[in-house]
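Written out below as structure tokens is the structure these notes cover.
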Amino acid sequence: GFAAAAGHTSLALADKPLTIGFSQVGAESEWRTANTVSIKDAAKQAGVNLKFADAQQKQENQVKAIRSFIAQKVDVIAFSPVVESGWDTVLREAKAAKIPVILTDRAVNVSDKSLYVTFIGSDFVEEGRRAARWLLERAKTLPAGDINIVELQGTVGSAPAIDRKSGFEQEIKANPNLKIIRSQTGDFTRAKGKEVMEAFLKADGKKINVLYAHNDDMAIGAIQAIEEAGLKPGKDILVISIDGVKGAFEAMMAGKLNVTVECSPLLGPQLMSIARDVKAGKPVPKRITTEEGVFPAEVAAKEFPNRKY
Ligand code: GZL
């Protein structure tokens, strides 16, 4: 009838497709590719016109992508900043062009908080604390004396690397036997994680009791290095990591990884609904966190069928 038609018309007008320009970090890890799938699928579901740019983990490529989104006059700009600093100038250009900016996954350090509307992502400091809490518990079952930890950090200058390091360090203070004897970046990739772990093993081999990796991909690379050195990952060297990707569950089921702290990449649906609210001029919270768990090896097999990334 008429009412339905009228309703339909207004809906059609309101539903002019939203155009979002998204600048992604790269494709460095299982987490990242799952994050990209979530964003692209959610855009399709929501009828959003998505312009997607992959920066190959280079900040200058993200700046270029954001500038091109400004030139194309997209409705909303969203991005996952590869590092925390160096964004003020380009975000001021977006503000001058009256294009709202949404941060997903990683945060930025900017003097003027009005340069972005909201940040959707995990609490990385808490993820670091959760990794440490698992080790504090496990340490109670280990022989007395020093427990030597080597740390594979994420991308230098990135929010997850900075925060996961500080959360872990804060928490392990509770047990003075826990010592980080080496710490270096593996840039969140399997290849670099393996390479740096090989160097750690050459330098300190037999002394290493624990590996703390800022993401599962570096842990999986390091596990290969530990095996090639003739040691048993998950036993001779305890392995703790973050993300909760399928590869981590497979490593836990193989007895090679001890625990993974979940960091959900499935931010696509939240991004699309927030972007629509922002475009409609609705108020949105400045910070939206995602709920996450901790998965020790004991629950890996049971939990694996439920995993969505
Ligand atoms: C965390 C994300 C990190 C993942 C890594 O939200 O920024 O980047 O932990 C990814 O796997 O490379």
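The values are calculated or read from the model by the stated rules, or taken from the named source; none is laboratory data. The model shown is predicted, which means the values in this text are computed figures rather than measured ones. Because the Cβ atoms are built from the backbone with ideal geometry, glycine has one as well, and the counts that use them run over all protein chains shown.
List of remarks:
- Note on segment 68-80: among residues that are farther than 15 Å from ILE39 by Cβ and in a loop (DSSP other than H, G, I, E, B), the one that is farthest from the ligand (Cβ to nearest atom) is LYS73.
- Long-range neighbours under 7 Å by Cβ, at least six apart or interchain, first residue in contact (Cβ under 8 Å) with a residue 12 or more places away in the chain within segment 260-288, second among the small types (Gly, Ala, Ser) and surrounded by fewer than 17 Cβ atoms within 10 Å (Cβ to Cβ): GLU262/GLY293
- Residue-level check: of (1) surrounded by fewer than 20 Cβ atoms within 10 Å (Cβ to Cβ); (2) over 15 Å from the mean Cα position of the chain (by Cα); (3) not polar (S, T, N, Q), ALA132 misses just (1).
- Subset of segment 38-67 that is without any contact (Cβ under 8 Å) to a residue 40 or more places away in the chain and assigned to a helix (DSSP H, G or I) - its residue that is farthest from LYS95 (Cα to Cα): LYS44
- ARG164 fulfils the conditions (1) crowded, with 23+ Cβ neighbours inside 10 Å; (2) of a type in the set (Lys, Arg); (3) away from the ligand (no atom under 13 Å from the Cβ) except for a single criterion, (3).
- Scan of segment 52-65 for residues that are surrounded by fewer than 16 Cβ atoms within 10 Å (Cβ to Cβ), of a type in the set (Asp, Glu) and under 19 Å from the mean Cα position of the chain (by Cα), ordered by number: none
- Cβ pairs under 9 Å, 6+ apart, first in segment 175-202 and closer than 22 Å to VAL245 by Cβ, second more than 16 Å from the ligand (Cβ to nearest atom) and assigned to a loop (DSSP other than H, G, I, E, B): MET197/ALA229
- Sole exception among (1) touching a Gly at 6+ places or on another chain (Cβ under 7 Å); (2) away from the ligand (no atom under 16 Å from the Cβ) for ILE39, by number: (2)
- Residue match in segment 132-143 (condition: out of contact with any Phe, Trp or Tyr (no Cβ under 9 Å at 6 or more places or on another chain), in a helix (DSSP H, G or I), within 16 Å of the ligand (Cβ to nearest atom) and not charged (D, E, K, R)): no
- Inter-residue pairs, beta-carbon under 6 Å, first at positive phi and in segment 230-245, second assigned to a loop (DSSP other than H, G, I, E, B) and away from the ligand (no atom under 16 Å from the Cβ), 6+ apart: GLY234/GLY255; GLY234/LYS256; GLY234/ASN258
- Residue within segment 205-226 that is surrounded by fewer than 21 Cβ atoms within 10 Å (Cβ to Cβ) and either in contact with a Leu (Cβ under 6 Å, 6 or more places away or on another chain) or of a type in the set (A, V, I, L, M, F, W, C) (or both) present: no
- Among the residues of segment 89-114, those that are part of a helix (DSSP H, G or I) and out of contact with any strand residue (DSSP E or B) (no Cβ under 7 Å at 6 or more places or on another chain) comprise THR89, VAL90, ARG92, GLU93, LYS95, ALA96, LYS113, SER114.
- Test: ALA222 is out of contact with any Phe, Trp or Tyr (no Cβ under 6 Å at 6 or more places or on another chain), more than 20 Å from ILE172 (Cα to Cα), at pLDDT 95 or above and within 16 Å of the ligand (Cβ to nearest atom): yes
- Summed over segment 173-213, residues that are under 15 Å from GLU28 (Cβ atoms) and either polar (S, T, N, Q) or part of a helix (DSSP H, G or I) (or both) total 9.
- Criterion violated by PHE249 - all others in (1) touching a residue at least 12 places away in the same chain (Cβ under 8 Å); (2) surrounded by fewer than 21 Cβ atoms within 10 Å (Cβ to Cβ) satisfied: (2)
- Considering segment 1-51, the residues that are more than 25 Å from TYR309 (Cβ to Cβ) and within 34 Å of the chain's Cα centre (by Cα) include one that is modelled with the highest pLDDT, namely THR19.
- Considering the conditions (1) over 23 Å from ALA159 (Cα atoms); (2) within 16 Å of the ligand (Cβ to nearest atom); (3) among the polar types (S, T, N, Q), SER29 is excluded by exactly one of them, (1).
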